[in-house]
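One structure is given below, encoded as structure tokens.
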Amino acid sequence: SRSGGALALVGDKKFLFNFERSAFLMYGDQGRTRVAMADPVGDEEKFEGLYWRFMEQAHDEGMRVAFYQVGAAMIPVCVEMGLRIYKLGEEAMVPLDTFDLGSSELKKFRKVMNRMERESWLFEIWQPAEVAARIGELRTVSDSWLAHHEAREKGFSLGKFDAGYLSRLPVAVIVVEGRVIAFGNVWPGNGRDELSTDLMRHTPDAPNGVMDCLIV
């Protein structure tokens with residue numbers, strides 16, 4: 001149900017499955033450290049066993065282990081394994097059933113949505129087949145964003161602009177005068193519990209507030 005399971009689609013990780021192949025853990029090696037990315041995916045009853053198997057297999061191969069972005073439910077398992085816990089950040093969760101643009105604290109978002117309507121910006125969600133067919137339009141936005149920010153693709157804990165990865169997921173776009181000026185790919189968690197986004201990019205000449213608009 002966690003949307004971050006979509007990181008398995010990026011193509012830069014290895015996988016450790018349980019014996020029944022009903023759950024897996026994704027990971028990568030950095031030097032002598034084997035890093036597991038987020039919680040496992042699949043049958044939650046198998047997660048603890050996967051953690052222990054991951055550690056044992058890594059130690060057998062002379063590797064030390066780290067678990068990155070561990071969910072609260074798995075922290076006691078990490079403590080039992082003798083690992084140290086470090087807090088590196090927090091995750092914001094927005095409950096959509098109470099998200100109300102009419103509330104006073106969301107005034108700035110109402111302004112950008114009014115601008116969207118006034119200036120005829122279009123919001124669309126492309127399904128994977130359309131993403132594959134129009135990947136060149138998204139690449140133009142991505143390339144201009146990377147060049148403007150003098151940035152390069154990352155990966156592992158984030159997605160990257162890769163046609164194979166993006167074409168497996170829906171993508172939300174903002175279109176102005178027939179041109180895509182911003183996009184964010186969509187991570188739909190299983191069971192309709194969670195929805196998130198990964199790559200969020202816009203052209204350097206995009207109007208102010210366009211990413212707020214895309215997310216809202």
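Could you calculate the FRET efficiency of E56 with E153 from 1/(1 + (r/R0)^6), where r is the beta carbon distance between them and R0 is 30 Å, rounded to 0.05?
Rounded to the nearest 0.05, the efficiency is 0.35.
Using the charge dipole of the chain (Lys, Arg: +1 at Cβ; Asp, Glu: -1 at Cβ; taken about the Cα centre), state which of S3, V65, V112 has its Cα farthest towards the positive end.
Going by the charge dipole, the pick is V112.
Computing the accessible area with a 1.4 Å probe over protein heavy atoms, can you report the carbon and sulfur percentage for the chain?
With neighbouring chains kept in place, the figure for the chain is 51 percent.
Stick to Cα atoms and the Kirkwood definition of Rh, then tell me Rg/Rh for the range 7-97.
A ratio of 0.97.
About its Cα centre, what dipole magnitude does the range 122-216 give when the only charges are +1 on Lys and Arg Cβ and -1 on Asp and Glu Cβ, stated in debye to the nearest 20?
220
Cα centroids of the range 89-129 and the range 1-71: how far apart, whole angstrom?
34
Counting only the heavy atoms of the protein chains, how much of D97 is accessible to a 1.4 Å probe, in Å² to the nearest 10?
140
Can you give the longest stretch of the chain with no exposed loop site, where a site means chymotrypsin sites (Phe, Trp or Tyr not before Pro) in a DSSP loop (not H, G, I, E or B) with at most 11 other C-beta atoms within 10 Å?
100-216
E91 to N114: FRET efficiency via 1/(1 + (r/R0)^6), r the Cβ-Cβ distance, R0 25 Å, to the nearest 0.05?
Computed FRET efficiency for E91 and N114 comes out at 0.25.
So, for the range 36-100, what is the accessible surface per residue at a probe of 1.4 Å, expressed in square angstrom?
71
Mind giving me the nanometre distance, one decimal, between the label points for F19 and A129, set 7 Å out from Cα along Cα→Cβ?
Taking the simple label geometry, F19 and A129 are separated by 4.2 nm.
Which percentage, to the nearest 5, of the DSSP beta bridges contained in the range 1-72 is antiparallel?
70
Measuring with a 1.4 Å probe in the full set of protein chains, what accessible area per residue, in whole Å², belongs to the range 118-166?
Heavy-atom SASA per residue in the range 118-166 reads 61 Å².
List the trypsin sites (Lys or Arg not before Pro) within the range 80-153 that fall in a DSSP loop (any state other than H, G, I, E or B) and whose Cβ has at most 16 other Cβ atoms within 10 Å.
For trypsin sites (Lys or Arg not before Pro) across the range 80-153 that sit outside H, G, I, E and B with at most 16 neighbouring Cβ atoms in 10 Å, the list reads R84, K87, R134, R152.
Helix 135-148 against the longest principal axis of the chain: what's the angle in degrees, Cα atoms only, rounded to the nearest 10?
Rounded to the nearest ten degrees, it is 90.
In the full protein assembly as shown, how much of D12 is accessible to a 1.4 Å probe, in Å² to the nearest 10?
Surface accessible to solvent at D12 totals approximately 50 Å².
Using only Cα atoms, find the angle between the long axis of helix 47-60 and the longest principal axis of the chain, and express it within 0 to 90 degrees, rounded to the nearest 10.
The angle comes out near 60 degrees.
Run the paramagnetic zone check for R168: 7 angstrom along Cα to Cβ, then residues of the range 125-151 with backbone nitrogen under 20 Å.
Only 126-136, 138-139 fall inside the zone, counting backbone N under 20 Å.
For the range 1-139, what is the charge dipole size about the Cα centre, in debye to the nearest 20, if Lys and Arg each add +1 at the Cβ and Asp and Glu each add -1 at the Cβ?
The calculation lands at about 600 debye.
If you take every DSSP beta bridge whose two residues both sit in the range 35-181, what share of them, in percent to the nearest 5, is antiparallel?
70
Among the GluC sites (Glu not before Pro) in the range 29-111, which ones are in a DSSP loop with at most 12 other Cβ atoms within 10 Å of the Cβ? Mind listing them?
For GluC sites (Glu not before Pro) across the range 29-111 that sit outside H, G, I, E and B with at most 12 neighbouring Cβ atoms in 10 Å, the list reads E61, E90, E91.
From the protein chains alone at 1.4 Å, what is the descending order of accessible area for L166, L83, largest first?
L83, L166
If R0 is 45 Å, what FRET efficiency do you get for T33 and R192 from their C-beta distance, rounded to 0.05?
The computed FRET efficiency comes out at 0.80.
The values are calculated or read from the model by the stated rules, or taken from the named source; none is laboratory data. Values in this document were obtained by computation on a predicted structure and should not be read as measured data. Every residue, glycine as well, gets a Cβ built from its backbone with ideal geometry; the counts of neighbours run over all protein chains shown. Keep in mind that these areas ignore ligands, DNA and RNA; they rest on the heavy atoms of the full protein, side chains included. Shrake-Rupley method; radii C 1.70, N 1.55, O 1.52, S 1.80 Å.
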